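Engineer: This structure is in structure tokens; I'll ask about it shortly.
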Amino acid sequence: MNAVQLALLEALQRGPRSGPELGRLLGISRAAVWKQIQALRQAGLPLPGRVRRGAMAGYTLPTDCGLLDAGAIRRALPAALRDRLRFEVLAETDSTNDTLLRRPAAARAGVICLAETQTAGRGRRGRTWYSPPLGGIYLSLGWRFADGLGMLGLLGIVCALDCAAALARGCGFAVKVKWPNDLYRDGRKLGGLLLELQGGPNGPCDAVIGVGVNWRLYRPAMIDRPAADLTGARPDIDRNSVAAALIAALVAACESLPQREPGAVQRAWDKADLYRGRRVVVSGSSGKTSGLVAGIDDRGGLRLDRDGETITLYGGEVSVIGAGGAAV
Ligand code: BTN
């Protein structure tokens, strides 16, 4: 999304506007306005729609799209956090994780990068994270840990649990987790986390933690599994406040990690786990393993009961086995 497209959305956020009005506001021709609106539609935003205002056809954002606003996000954060983080709000980037990863580790610690849209958003296991303009919250946090990699086994688990709790508090509905760090609402995927770690066994370690949460599913067919969004359940929620809640949750997860007692994390996971006790199949690099979900171990591995024996897996994609025996 270029600067003109962002300016168009900013203008439309204040109310419907005709093509000539937008052209005058932005100092471009009516044809140029139309071209940029077409580009936004092609990027996945089926907005702005064309409406009749008196005799004049115009453009509008029919829903409250809530453009990201660094000032509003900062104000919504707990006071103690406001000045400790550096914010970057981008109209467009390839991936907020990659934007941070391209920098030296020391230069990205304490930096939050958010984008209105990602052109190459990444999910776990090499998947694409569909990131249309105003369709989701896409953000990444850079963080430096004094500990070595071995101490960070529970990081993804703790981040997912804290993000799920923050969303549940802020939005007023239950959010479940699916191993290792997916977020679910009503049995459908609402969001997920992508953690990228660098460092050695003795520390320090550097993490880039990306979170993607569906804000409004304009084109659900673009997502390869049943998906949920936030506005579907709560049309009135404020996008910047939700972004701030996620940021606060990530920072709290990183800061508290060394003090988090593994037993307490395991119990919290059991309570929030979407598939606890269910029969699942885990597809990994060495094939498929099935069993009953039996929680996580103290390093964040997935425990599966298989005919009286418990095994632990540290990677893979979990699918639940439906009544007919098919993995879904
Ligand atoms: C998953 O469930 O597969 C993880 C999705 C993570 C998506 C977020 S969006 C912000 C950050 N930037 C990316 O490219 N990916 C993560």
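The values are calculated or read from the model by the stated rules, or taken from the named source; none is laboratory data. Quick caveat: nothing in here was measured; it's all calculated off a predicted structure. Glycine gets a Cβ as well: all are built from the backbone with ideal geometry, and neighbour counts include every protein chain shown.
Engineer: Among all residue pairs at least 6 apart or on different chains, which show Cβ distances below 8 Å where the first residue, located in the stretch 124-136, is over 17 Å from I209 (Cα atoms) and the second is within 7 Å of the ligand (Cβ to nearest atom) and assigned to a loop (DSSP other than H, G, I, E, B)?
Structural biologist: Y130/G121
Engineer: Out of the residues in the stretch 160-190 that are under 20 Å from R216 (Cβ atoms) and aromatic (F, W, Y), state the one that is modelled with the lowest pLDDT.
Structural biologist: F173
Engineer: T117: free of Cβ contacts under 8 Å to residues at least 60 places away in the same chain and under 16 Å from the mean Cα position of the chain (by Cα), yes or no?
Structural biologist: Judged against the criteria, T117 is not a match.
Engineer: So, one more: Can you name the number of the only condition in (1) in contact with a strand residue (DSSP E or B) (Cβ under 6 Å, 6 or more places away or on another chain); (2) within 15 Å of the ligand (Cβ to nearest atom); (3) aliphatic (A, V, I, L, M) that L167 fails?
Structural biologist: (1)
Engineer: Counting only residues that are at pLDDT 95 or above and part of a loop (DSSP other than H, G, I, E, B), how many does the stretch 279-297 have?
Structural biologist: Count: 1.
Engineer: Can you name the residue in the stretch 97-148 that is of a type in the set (V, I, T) and not in a helix (DSSP H, G or I) and, of all such residues, is farthest from D83 (Cα to Cα)?
Structural biologist: To start, the set of residues in the stretch 97-148 that are of a type in the set (V, I, T) comprises 99, 111-112, 117, 119, 128, 137.
Checking the rest, the ones that are also not in a helix (DSSP H, G or I) come to 111-112, 117, 119, 128, 137.
Details: V111: 11, I112: 12, T117: 25, T119: 30, T128: 33, I137: 22 Å.
Here the answer is T128.
Engineer: Please find, among A264, A249, A268, the residue that is assigned to a helix (DSSP H, G or I), within 20 Å of the chain's Cα centre (by Cα) and not acidic (D, E).
Structural biologist: The unique qualifying residue is A249.
Engineer: Still on this model: Starting from residues that are more than 7 Å from the ligand (Cβ to nearest atom), buried (at least 17 other Cβ atoms within 10 Å of the Cβ) and of a type in the set (V, I, T), keep the ones in the stretch 95-144 and report whichever is farthest from L217 (Cα to Cα).
Structural biologist: My answer is V111.
Engineer: Now, a different point. Go through the stretch 190-243 residue by residue and tally those that are outside any strand (DSSP E or B) and over 30 Å from L149 (Cβ atoms).
Structural biologist: Residues that pass the stated criteria total 27.
Engineer: On to the next question. Just to be sure, is A160 within 11 Å of the ligand (Cβ to nearest atom), part of a helix (DSSP H, G or I) and under 16 Å from the mean Cα position of the chain (by Cα)? Please lay out each step first, then the result.
Structural biologist: Numbers: within 11 Å of the ligand (Cβ to nearest atom): yes; part of a helix (DSSP H, G or I): yes; under 16 Å from the mean Cα position of the chain (by Cα): yes.
Considered against the rule, which asks whether it is within 11 Å of the ligand (Cβ to nearest atom), part of a helix (DSSP H, G or I) and under 16 Å from the mean Cα position of the chain (by Cα), A160 comes out as yes.
Engineer: Now a separate question. Between a first residue in the stretch 147-176 that is in contact (Cβ under 8 Å) with a residue 12 or more places away in the chain and over 19 Å from T312 (Cβ atoms) and a second residue that is basic (K, R) and assigned to a loop (DSSP other than H, G, I, E, B), which pairs have beta carbons less than 8 Å apart while being 6 or more apart in sequence or on different chains?
Structural biologist: Hits for this filter: C171/R234; G172/R234; F173/R234.
Engineer: Continuing with the same structure: What tally of residues in the stretch 177-200 results from selecting those that are of a type outside the set (A, V, I, L, M) and either under 17 Å from S140 (Cα atoms) or touching a helix residue (DSSP H, G or I) at 6+ places or on another chain (Cβ under 6 Å) (or both)?
Structural biologist: Number satisfying all stated conditions: 8.
Engineer: Can you confirm whether the stretch 65-72 contains a residue that is part of a loop (DSSP other than H, G, I, E, B), charged (D, E, K, R) and in contact (Cβ under 8 Å) with a residue 60 or more places away in the chain?
Structural biologist: yes
Engineer: Name the single residue that is modelled with the lowest pLDDT among those in the stretch 12-38 being surrounded by 14 or more Cβ atoms within 10 Å (Cβ to Cβ) and not in a helix (DSSP H, G or I).
Structural biologist: Only one residue tops the list, namely P16.
Engineer: Now for a different question. Quick one: how many residues across the stretch 50-75 are loosely packed, with under 15 Cβ neighbours inside 10 Å, at pLDDT 90 or above and of a type in the set (D, E, K, R)?
Structural biologist: Qualifying residue count for the region: 1.
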